[in-house]
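Notes follow once the structure below has been shown.
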Amino acid sequence: MKQPVRGLAAALNSGGKFRFKAPEVVVDHLVIGAGVVGLAIAQRLCESFPSKSTYVVERHARAGEETSSRNSEVIHSGIYYPADSLKTRLCLRGRDLMYQRCRALDIPHRKTGKLVVAKDNQRPYIENLHMKALRSQWPPYSNAIDSSPVLPTRLISGDESRAMEPHLSQDISAALWCPETGIVDSHLFMESLEHEISESEAGNLAYATRVVRLDPYRSSKEMSVAERGWVVQTVTGNDGNSGTESDTILARTVFNASGLSGPFILNSLLPPERRIPMYYARGSYASYQGPGVSGISHLIYPCPDTGPNAHAFASLGTHLTLDLNGKIKFGPDIEFLSPPSSEDSEENMDYWTRHLIPDDSRLEKMHLAVRQYLPEVVADGLRPDYVGIRPKLVPAGAGFQDFVFRIDYPCQFGGGGTVGKGPMISLLGIESPGLTSCLAIAEYIVNGLLGSTNPAQ
């Protein structure tokens, strides 16, 4: 079993060299992380609370440098996960919000539809997905006003699926047609969120700025005793490490949307026995040029592992996706990473970056997987394309893990106030369908959780 990454305080606080400093400025909302989820939350905050200050800090030089820019760019329909899970509810809501936003702002996207293809022994899998889709209901906060099905799907025969995609294997005996699946230009989508934040009255974006220390606020003579929140120290520089002088912010509410680094923020506060383990899964993508794919216009997903990992919550299989230019790619596969043996090091926090370089070590297995449903695809046509890292909260084989939205308060860590005052909301394990769900996650966090935990908003 792959070992978890246990991010400790030293990983966040660079070995402890940043000592506590009194805050120099106060902000209402601080969002840590400018991936697609952090940007969506910040945009929603600026829209919902235009008179309150919203700051976004991102340690990279650009938005979405980690998981948000290294995925399939698929708008998922919402068929795979348990019906009452956050992943399903937020994917269904997020899917529609994303299509609405893309249409309104002319963000490039296409509703391609998806085929989940099955051999004879895999038919029960797609039949169960279809029955789940028939029972699906609109999330209670979706404001759906029509009677259309939330998750339209249709079971079709192998011949019908080959009529849609002639290159499919003759071994494919059935398929599930999912017309709501699509693709989006995730980079332009994120740019649209950045634009609205920067153009808002009280929104600010700070890139190449990393959090180096976070403490619960304790009242001082310099600040109003009524203040509640978190003292956050940041360092700005192209490499995130420039200089030793930090800027210090009192954030009345913190949104920890730092993706692959999310648990490190929390673990800097927690005692060793309560620190959150983190597992990273590497997913490789391969581009393809060659026979066996001409004219393909839909996304094609195989049935995932239908053995012990029957619901394939860790991975949906090595599937075929298209980009908006018609380029075909296969992936991602899944490979759990082993962290370095040393803990309590800054290098441990970012060890996964060494695994971002694509290579051909995964191509043979990918080719074997793809040939199960597209037999004319040749190995020589596959080329390493890019690699993404998925934040996992459970190890391989552990089964389904939902999104986690955790709320902590300064008073739990020796700060002032009471439960309900000055929350930090941490978003953990935001992997697929995180891109599809991002706008719904923002709606749920800002207009749901934030209001319930901090009624003064």
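Among the listed residues Arg406, Arg362, identify the single one that is at pLDDT below 95 and open to solvent by 10 Å² or more (accessible area, probe 1.4 Å).
It is Arg362.
So the check is Cβ under 8 Å with 6+ separation or different chains; which pairs have a first residue in segment 23-44 that's at pLDDT 95 or above and part of a loop (DSSP other than H, G, I, E, B) and a second one that's polar (S, T, N, Q) and open to solvent by less than 10 Å² (accessible area, probe 1.4 Å)?
Listed by first residue and then by second, the contacts come to Gly33/Asn256; Gly33/Ser261.
Of the conditions (1) touching a residue at least 40 places away in the same chain (Cβ under 8 Å); (2) touching a strand residue (DSSP E or B) at 6+ places or on another chain (Cβ under 8 Å), Leu193 satisfies every one except a single condition; which number is it?
Result: Leu193 fails condition (2) only.
Tell me, yes or no, whether segment 382-396 has at least one residue that is over 23 Å from the mean Cα position of the chain (by Cα) and farther than 27 Å from Ser258 by Cβ.
Yes, there is a match, as at least one residue in segment 382-396 is over 23 Å from the mean Cα position of the chain (by Cα) and farther than 27 Å from Ser258 by Cβ.
So for segment 101-115 (the condition being closer than 25 Å to Ser287 by Cα, of a type outside the set (Val, Ile, Thr), part of a strand (DSSP E or B) and open to solvent by 10 Å² or more (accessible area, probe 1.4 Å)), does at least one residue qualify?
For segment 101-115, residues closer than 25 Å to Ser287 by Cα, of a type outside the set (Val, Ile, Thr), part of a strand (DSSP E or B) and open to solvent by 10 Å² or more (accessible area, probe 1.4 Å): present.
Starting from residues that are open to solvent by less than 10 Å² (accessible area, probe 1.4 Å) and in a loop (DSSP other than H, G, I, E, B), keep the ones in segment 262-303 and report whichever is nearest to Arg354 (Cα to Cα).
Within segment 262-303, the match that is nearest to Arg354 (Cα to Cα) is Leu270.
Among (1) out of contact with any Cys (no Cβ under 9 Å at 6 or more places or on another chain); (2) farther than 16 Å from Leu322 by Cβ; (3) in contact (Cβ under 8 Å) with a residue 12 or more places away in the chain, which single condition is Glu201 missing?
(1)
Test Ala83 against the criterion of being part of a helix (DSSP H, G or I) and either aliphatic (A, V, I, L, M) or buried (at least 22 other Cβ atoms within 10 Å of the Cβ) (or both), and give yes or no.
no
If a residue has to be surrounded by fewer than 15 Cβ atoms within 10 Å (Cβ to Cβ) and modelled with pLDDT of 90 or more to count, how many in segment 384-400 make the cut?
1
State whether the residues of segment 120-129 include one that is open to solvent by less than 10 Å² (accessible area, probe 1.4 Å) and either in contact with a His (Cβ under 7 Å, 6 or more places away or on another chain) or under 26 Å from Ala442 (Cβ atoms) (or both).
no
The values are calculated or read from the model by the stated rules, or taken from the named source; none is laboratory data. Not measured: the values here are computed from a predicted model. Glycine also receives a Cβ, built like all others from the backbone with ideal geometry; neighbour counts cover every protein chain displayed. Note: accessible area is taken over every heavy atom of the protein model, side chains too, but ligands, DNA and RNA are not part of it. Shrake-Rupley method; radii C 1.70, N 1.55, O 1.52, S 1.80 Å.
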